Amino acid sequence: MPAADPAVKNAKTNTSSRLPELQPAQKIELFRQMVQIRHFEEKAKQGFLSGKIKGFCHLYNGQEAVAVGSISVLNEDDAVITAYRDHAHALARGSDANACMAELFGKITGCSRGKGGSMHFFDVKKHFYGGHGIVGGQIPLGTGLAYAQKYLGTNRVTLAYMGDGAINQGAVHEAMNLAALWKLPIIYIIENNEYSMGTSIARSSAGDPLTKRAGAFDMAAIQANGMDIDDVRAKTFEAVSLARTESQPTLMEIKTYRYLGHSMSDPGTYRSKDEIETRRKNDPIEIYKARLLEQKIATEESLNAIDEEALAQAQAAYDFAEASPEPELETVYEDIWTPEDQIPEFQPNHR
Amino acid sequence: MPILTYREALNEALSEEMERDDRVMLMGEEVAEYDGAYKVSKGLLKKFGPKRIIDTPISETGFTGLAIGAAMYGLRPVVEYMTWSFSLVCYDQIVNNAAQVRYMSGGQLSVPIVFRGSSGGGLQVGATHSHTPENWYANVPALTVITPAFPDDAKGLLKSAIRSNNPVCFLENEKLYGYKDEVPEGEHLTEIGKAKVRREGSDLTIVSNSGSTHRALNAAKILEAEGISVEVIDLRTIKPLDFATIAASVVKTNRLLIVEENKPFAGWGAQVAYQVQRELFDDLDAPVHRLTSLDVPQPYNGRLEQYVLPNEERVVAAVKEVLA
Ligand SMILES: Cc1ncc(C[n+]2csc(CCOP(=O)(O)OP(=O)(O)O)c2C)c(N)n1
Ligand SMILES: [Mg+2]
């Protein structure tokens with residue numbers, strides 16, 4: 001794969017809008033969010049290993065700059081939707097870490113009331129539309145969010161994330177065609193971490209880079225370096241501007257790497273320890289930390305303090321999740337039909 | 001007789017059939033280099049090479065349709081779904097192509113293919129990953145639907161499925177992969193479409209399949225201690241349905257409980273109940289009872305999920321209800 005290409009591939013970008021320079025406090029906030037996610041995931045790992053978190057648990061370590069950087073250029077009321085590796089997107093969208101951890105523990109205080117689990121986080125108040133377990137299934141949904149945003153004249157946009165493996169689902173291509181054809185305000189973000197489970201990108205995908213697939217639809221395409229949060233922000237901002245001002249979709253490919261197994265159940269025999277160690281040296285949090293120090297925006301001590309705080313917050317979330325009550329058995333019958341649909345014919349005792 | 005896990009029994013069936021017929025090949029996500037998400041295909045890449053053990057991209061519609069086309073042209077593909085829940089992505093290919101092409105072509109084409117993979121709930125993987133979709137496929141004419149509960153049947157039925165000239169949906173159970181039991185060596189074929197009495201009894205018959213057969217057998221043990229004698233029939237093949245074996249048992253015990261993990265609406269158990277009341281009405285001493293999962297999506301929370309599934313306590317209570 002070639003290195004991230006700074007140029008937009010199809011010359012359809014909106015060049016008029018420029019990403020505003022961040023204030024020091026905002027830069028520190030980005031750092032804080034990435035560190036928060038790293039500690040959250042480490043706690044989730046601990047919860048899984050001690051048997052308190054069950055099912056599938058896909059962690060985000062190494063990819064933090066992607067969710068934090070891209071979501072940071074959105075307005076609060078823009079929509080976000082992603083796959084099952086979703087903890088970071090919820091947290092970056094501002095979801096309560098306690099509610100997220102409680103969801104992993106299956107508690108009633110969880111962001112999906114203990115019904116969704118790791119793969120199915122939802123927080124619609126924060127315009128986070130999930131958390132989806134079927135590879136590629138969220139991409140038509142995200143396209144529908146953008147369709148409704150345009151239909152309703154909201155001037156909002158949607159970020160729809162998928163993995164590099166998901167790009168090979170038919171539904172993804174169908175949805176991208178619709179978005180290009182109908183000029184929908186959506187940004188498709190491929191989080192290219194080079195593997196889909198144990199399959200390297202070279203073994204799963206013809207055509208390199210993946211952004212080439214946008215060409216068939218005359219859709220704008222752009223690549224970003226997912227280890228550099230500033231690059232993620234700049235590129236996502238271009239795409240978001242195009243969506244917001246011209247209602248045009250973009251396919252983004254953000255190059256990143258996951259440090260841990262595909263899920264907690266993955267032995268990881270398909271890549272070498274050396275490969276992981278080498279990639280870990282290019283850590284998005286460390287890179288940004290060095291930049292903040294270099295820019296004299298923060299000191300080693302102040303950033304360490306943020307780290308300590310994030311760790312304490314993750315521990316507090318863990319404690320909250322543990323102490324939270326289990327859902328009552330009767331809750332299995334809740335959240336199936338909306339109240340409007342509870343017309344008499346749907347009532348179990350209806351005669 | 002060797003003791004094998006359900007997983008190893010499946011692996012042996014695949015291996016033996018691939019040795020026997022070089023038109024048999026296996027295709028699916030992570031089946032080759034990763035040895036299978038649930039290790040059913042362990043070692044097969046080494047043995048048969050990448051021409052016959054094929055890793056696919058995550059493109060269920062594409063590779064399922066491709067395999068059906070290859071079957072129409074004379075290959076005998078085995079397609080693995082990491083879980084049957086993901087087969088919903090390519091439901092159209094299975095239902096509209098694999099199941100219809102022979103009929104629509106007036107018998108010119110046949111589709112000797114096996115679709116297989118894990119299924120079932122109880123692992124806390126949530127609503128999208130916990131389906132038991134045998135009913136959805138059994139509803140389609142021309143599809144054979146098999147759900148083995150024991151290692152010997154896993155092997156014998158998979159071998160038969162691969163030799164069948166019809167499209168077969170072969171639903172394994174994720175919770176049973178590690179289950180150990182005796183498995184005959186070499187040529188061991190289990191006839192498709194035949195149920196098996198897994199435990200004899202006289203007071204009541206339970207008909208069940210897959211994971212629910214184990215629930216039924218465990219419940220039968222508990223009930224035996226209370227002096228209640230339960231006969232357990234493992235359906236093994238959902239379609240074609242072996243009504244004769246069910247009928248022989250009901251005529252003997254005069255009471256029937258059906259246990260299935262599916263959601264209740266129009267499951268295979270409803271079909272069995274219909275046929276039993278239609279043909280054996282006079283042999284029944286009590287209405288046919290049917291235990292299924294609750295009619296709700298699968299929750300992640302473990303306690304809730306156990307509550308939704310037809311667990312052993314519910315089986316025991318249901319038996320007592322029928323006998324009351
Ligand atoms: C339709 C479907 N097929 C298979 C799976 C099993 N599965 C879950 S994640 C995954 C790999 C996806 O890789 P990628 O899209 O690169 O995302 P990443 O896990 O790297 O974030 C697979 C095969 C699934 N969930 N849905
Ligand atoms: Mg990936």
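Here are the numbers for this structure:
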read-out: Per residue, in Å², the accessible surface of the protein assembly as shown once ligands and nucleic acids are set aside, probe 1.4 Å; value: 40 Å²
read-out: Delta accessible area of at least 50 Å² on complex formation, residues of segment B:295-312, 1.4 Å probe, chain isolated as reference; value: B:V296, B:Y300, B:N301, B:R303, B:L304, B:Y307
read-out: 3J(HN,Hα) from dihedral phi, segment B:66-78, Karplus parametrisation 6.51/-1.76/1.60, rounded to Hz, x for glycine, proline; value: 4, 5, 5, x, 5, 5, 4, 9, x, 7, 10, x, 10
read-out: Nitroxide proxy distance, nm - points 7 Å out along Cα→Cβ at A:E42 and A:E174; value: 4.4 nm
read-out: Label-point separation in nm, B:N96 to B:D21, each point 7 Å along Cα→Cβ; value: 2.8 nm
read-out: Local net charge near B:M25, Cβ-Cβ under 14 Å (Lys/Arg +1, Asp/Glu -1); value: +1
read-out: Chain pair A, B: total accessible area buried, heavy atoms, 1.4 Å probe, Å²; value: 2800 Å²
read-out: Set of lysines with alpha-carbon distance to A:K281 below 28 Å, sequence-local pairs under 8 removed; value: A:K27, A:K43, A:K45, A:K235, A:K255, A:K273, A:K289, A:K296
read-out: Averaged over A:184-197, number of beta-carbon atoms from partner chains that fall within 10 Å; value: 1
read-out: For segment A:77-162, size of Cβ-based charge dipole, Lys and Arg +1, Asp and Glu -1, in debye; value: 120 debye
read-out: Extension gain (nm, one decimal) between A:D218 and A:K125, 0.36 nm per residue minus Cα-Cα; value: 30.1 nm
read-out: A:R271 versus B:E226: modelled label distance in nm, points set 7 Å from Cα along the beta carbon direction; value: 5.4 nm
read-out: Solvent-accessible ranking of A:Y188, B:Y307, A:Y333, largest area first, probe 1.4 Å; value: A:Y333, B:Y307, A:Y188
read-out: Apportionment of accessible area to carbon and sulfur, the protein assembly as shown, percent (1.4 Å); value: 53 percent
read-out: Phi-based couplings in Hz for segment B:209-225 (Karplus 6.51, -1.76, 1.60; Gly and Pro marked x); value: 8, 6, x, 5, 5, 5, 4, 5, 5, 5, 5, 4, 5, 4, 6, 4, 4
read-out: Formal net charge of residues neighbouring B:N166 (Cβ-Cβ distance under 13 Å; K, R +1; D, E -1); value: +4
read-out: Solvent exposure ordering (accessible area, 1.4 Å, most first) of A:E334, B:E80; value: A:E334, B:E80
read-out: Candidates A:Y195, A:Y270, A:Y161: whichever shows maximal mean-square fluctuation once chain A is modelled as a Gaussian network with Cα springs under 10 Å; value: A:Y270
read-out: Calculated SAXS-style log₁₀ I(q)/I(0) at q = 0.10, 0.13 Å⁻¹ - segment A:22-346, Debye, Cα scatterers; value: -0.57, -0.97
read-out: Other-chain or far-sequence residues with amide H under 5 Å of A:A220's (modelled H); value: A:L251
read-out: Percent of Cα-Cα distances greater than 17 Å, calculated over segment B:1-128; value: 59 percent
read-out: Mean Cβ neighbour count within 10 Å, used as a protection proxy, ranking A:59-69, A:41-51, B:29-39 highest first; value: A:59-69, B:29-39, A:41-51
read-out: Partner chain coverage, peptide B:48-59 - average Cβ within 10 angstrom; value: 4
read-out: Sites A:T338 and A:A305, calculated FRET efficiency, Cβ-Cβ separation with R0 51 Å, nearest 0.05; value: 0.65
read-out: Fluctuation leader among B:P133, B:P297, B:P167 - chain B, Gaussian network, Cα springs under 10 angstrom; value: B:P297
read-out: Three-way shape label, segment B:180-309, alpha-carbon gyration tensor, a/c 1.5; value: rounded
read-out: CD proxy at 222 nm, helix term only [per DSSP H run n ≥ 4: -39500 (n - 2.57); per residue of chain A; nearest 500]; value: -12500 deg cm²/dmol
read-out: Rounded to whole Hz, the Karplus (6.51, -1.76, 1.60) HN-Hα couplings of segment A:304-315, x for glycine and proline; value: 4, 5, 5, 4, 4, 5, 5, 4, 5, 5, 5, 5
read-out: Shape metrics for segment B:241-307, restricted to C-alpha atoms - Rg then Dmax, Å; value: 14.2, 44
read-out: Shielding of B:178-190 by partner chains, average beta-carbon count, 10 Å; value: 0
read-out: Taking N as its residue count, the alpha carbon Rg of the protein assembly as shown over 2.2 N^0.38 Å; value: 1.03
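The values are calculated or read from the model by the stated rules, or taken from the named source; none is laboratory data. Note that the coordinates shown come from a computational prediction; the quantities given were computed from them, not determined experimentally. Cβ: placed from backbone, ideal geometry, glycine included. Neighbour counts: every protein chain shown. Keep in mind that these areas ignore ligands, DNA and RNA; they rest on the heavy atoms of the full protein, side chains included. Shrake-Rupley method; radii C 1.70, N 1.55, O 1.52, S 1.80 Å.
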